[in-house]
Amino acid sequence: MTTYQIAAWSGPTGQTWAKLDAQLSRQLEPIGRAAMARAAPRAGERVIDIGCGAGATTAELAAAVGPTGEVTGVDVAHMLLDLARARAAGAANVTLIEADAQRHAFAAESFDLFYSRFGVMFFDDPPAAFANLRGASRPGGRLAFVCWRPPAENPWMSLPMAVADTLFPDRPRPDPEAPGPFAFAEEGRVRAILDAAGWRHVAIEPLDIEIGGADLQASVQLMLRVGPLGFVLREAGATAELMGRADALLRPAVAAHETAQGVMFPSATWVVTAQA
Ligand SMILES: C[S@@+](CC[C@H](N)C(=O)[O-])C[C@H]1O[C@@H](n2cnc3c(N)ncnc32)[C@H](O)[C@@H]1O
């Protein structure tokens with residue numbers, strides 16, 4: 001079944017992410033590392049990296065489980081999996097599969113650890129997806145993922161969203177629980193999803209850290225291309241005139257976040273852990 005999100009990630013959204021992989025991966029690295037610390041992968045374990053994208057965290061997991069362990073990276077975006085394959089560089093303990101993690105028929109008792117850096121908020125039926133994943137757990141299997149808190153707490157997203165609202169005042173406002181980057185913003189909803197899917201000992205901790213580090217030009221370019229602003233600009237044809245207007249609106253707001261370390265934004269996420 002091809003959902004809206006799968007079509008987007010295996011199409012234009014995935015292509016944009018593939019082009020901007022180096023910058024995006026660098027920005028997300030400190031958040032992924034915090035989730036990795038909670039996941040605590042051990043030598044010899046079998047791990048799944050859900051929505052592994054271009055494979056930065058798949059490679060980290062592979063290093064942690066070592067030659068006696070195995071890491072399976074799952075994603076729907078073939079162009080990101082190509083980058084993940086290049087990153088894994090033939091590592092014998094990495095397998096990359098193009099599949100919908102929500103519905104894929106994983107073999108029973110396949111994994112000790114289920115990890116994801118921002119790859120689990122795009123399922124159209126989250127309880128079914130997490131139940132499907134739990135069905136592939138070995139006894140005592142652990143889940144650790146990171147997801148965004150609301151846009152209002154993430155100015156790297158609320159600023160470009162405000163620009164999208166200014167340029168397209170009539171654009172439809174998405175349902176906050178619709179599949180997408182902020183679908184897991186509400187702690188209670190995440191807990192209810194995991195409870196319904198049969199996961200136990202659910203813990204949801206806030207993580208607040210600064211992310212970024214690119215210069216002003218690269219930061220503005222990134223925000224014009226990804227997320228809801230990137231989406232509405234692409235949909236509207238991304239003409240030079242439109243991109244210029246968006247740039248002019250966004251740049252001063254982003255410049256206010258310039259530091260000696262580059263443009264830095266606060267980020268607000270949940271680090272979620274559970275047991276099968
Ligand atoms: C925000 S990106 C994060 C990518 C990567 N984890 C990282 O941190 O760089 C979300 C990823 O989830 C993948 N994805 C979305 N829906 C999926 C699904 N149903 N099954 C597997 N992957 C999915 C997308 O293709 C994309 O690579």
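The values are calculated or read from the model by the stated rules, or taken from the named source; none is laboratory data. Since the structure is predicted, the reported quantities are computational estimates derived from the model, not experimental observations. Using ideal geometry, Cβ is built from the backbone for each residue, glycine included, and neighbour counts are taken over all protein chains shown. The area values use the complete protein model at the heavy-atom level, side chains included, leaving out ligands, DNA and RNA. Shrake-Rupley method; radii C 1.70, N 1.55, O 1.52, S 1.80 Å.
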Testing Pro206 on (1) within 18 Å of the chain's Cα centre (by Cα); (2) free of Cβ contacts under 8 Å to residues at least 12 places away in the same chain, one condition comes back false. Which one is that? (2)
Condition first: part of a strand (DSSP E or B) and over 17 Å from Leu222 (Cα atoms). Now tell me which residues in the range 246-276 satisfy that. Thr259, Ala268, Thr269, Trp270, Val271, Val272, Thr273, Ala274, Gln275
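Can you name every residue in the range 196-216 that is touching a helix residue (DSSP H, G or I) at 6+ places or on another chain (Cβ under 9 Å) and not hydrophobic (A, V, I, L, M, F, W, C)?
Filtering the range 196-216 for residues touching a helix residue (DSSP H, G or I) at 6+ places or on another chain (Cβ under 9 Å) gives 196-200, 202-214, 216.
Those that are touching a helix residue (DSSP H, G or I) at 6+ places or on another chain (Cβ under 9 Å) and not hydrophobic (A, V, I, L, M, F, W, C): Gly198, Arg200, Glu205, Pro206, Asp208, Glu210, Gly212, Gly213.
Is there a residue being assigned to a strand (DSSP E or B) and either near the ligand (Cβ under 10 Å from one of its atoms) or in contact with a Leu (Cβ under 8 Å, 6 or more places away or on another chain) (or both) anywhere in the range 75-88? Even if it seems obvious, please write down each step before you answer.
Start the filter on the range 75-88 by keeping residues that are assigned to a strand (DSSP E or B), which leaves 75.
Applying the additional criterion that residues be either near the ligand (Cβ under 10 Å from one of its atoms) or in contact with a Leu (Cβ under 8 Å, 6 or more places away or on another chain) (or both) yields 75.
Scanning the range 75-88, I find at least one residue that is assigned to a strand (DSSP E or B) and either near the ligand (Cβ under 10 Å from one of its atoms) or in contact with a Leu (Cβ under 8 Å, 6 or more places away or on another chain) (or both), so the answer is yes.
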Give the residue that is least open to solvent (accessible area, probe 1.4 Å), with candidates limited to residues of the range 1-30 that are closer than 26 Å to Ser110 by Cβ and more than 8 Å from the ligand (Cβ to nearest atom). Thr2
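Whether any residue in the range 148-158 is farther than 16 Å from Gly227 by Cβ and either within 12 Å of the ligand (Cβ to nearest atom) or not acidic (Asp, Glu) (or both) is what I want to check.
Keep residues of the range 148-158 that are farther than 16 Å from Gly227 by Cβ, which gives none.
For the range 148-158, residues farther than 16 Å from Gly227 by Cβ and either within 12 Å of the ligand (Cβ to nearest atom) or not acidic (Asp, Glu) (or both): absent.
Restricting attention to the range 177-227, and to residues there that are part of a loop (DSSP other than H, G, I, E, B) and charged (D, E, K, R), which single residue is farthest from Gly140 (Cα to Cα)?
Of the residues in the range 177-227, the ones part of a loop (DSSP other than H, G, I, E, B) are 177-186, 197-199, 213-215, 226.
Within this subset, residues satisfying the condition of being charged (D, E, K, R) are 177, 186, 215.
On the way: Glu177: 30, Glu186: 26, Asp215: 44 Å.
Filtering the range 177-227 for residues that are part of a loop (DSSP other than H, G, I, E, B) and charged (D, E, K, R), the one farthest from Gly140 (Cα to Cα) comes out as Asp215.
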Any residue at all in the range 34-50 that is assigned to a helix (DSSP H, G or I), near the ligand (Cβ under 10 Å from one of its atoms) and open to solvent by 10 Å² or more (accessible area, probe 1.4 Å)? no
Only residues in the range 4-23 that are of a type outside the set (S, T, N, Q) count as the first member; pair them with residues that are more than 11 Å from the ligand (Cβ to nearest atom), Cβ under 8 angstrom, at least 6 apart or cross-chain, and list the lot. Pro12/Arg234; Ala18/Asp82; Lys19/Arg225; Leu20/Leu222; Leu20/Arg225
When the range 224-267 is checked residue by residue, the ones that are crowded, with 20+ Cβ neighbours inside 10 Å and at positive phi are Gly227
Ala101 being within 9 Å of the ligand (Cβ to nearest atom), under 18 Å from Tyr4 (Cβ atoms) and in contact (Cβ under 8 Å) with a residue 40 or more places away in the chain: yes
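Determine if the range 100-111 includes at least one residue that is in a helix (DSSP H, G or I) and either modelled with pLDDT of 95 or more or among the aliphatic types (A, V, I, L, M) (or both). Step through it out loud before you land on a result.
Residues of the range 100-111 that are in a helix (DSSP H, G or I), as a first pass: none.
No: the range 100-111 contains no residue that is in a helix (DSSP H, G or I) and either modelled with pLDDT of 95 or more or among the aliphatic types (A, V, I, L, M) (or both).
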Kindly establish whether Phe123 is in contact (Cβ under 8 Å) with a residue 40 or more places away in the chain, of a type in the set (Phe, Trp, Tyr) and within 9 Å of the ligand (Cβ to nearest atom). yes
Suppose we filter the range 51-73 for residues that are away from the ligand (no atom under 16 Å from the Cβ) and not aliphatic (A, V, I, L, M); how many remain? 5
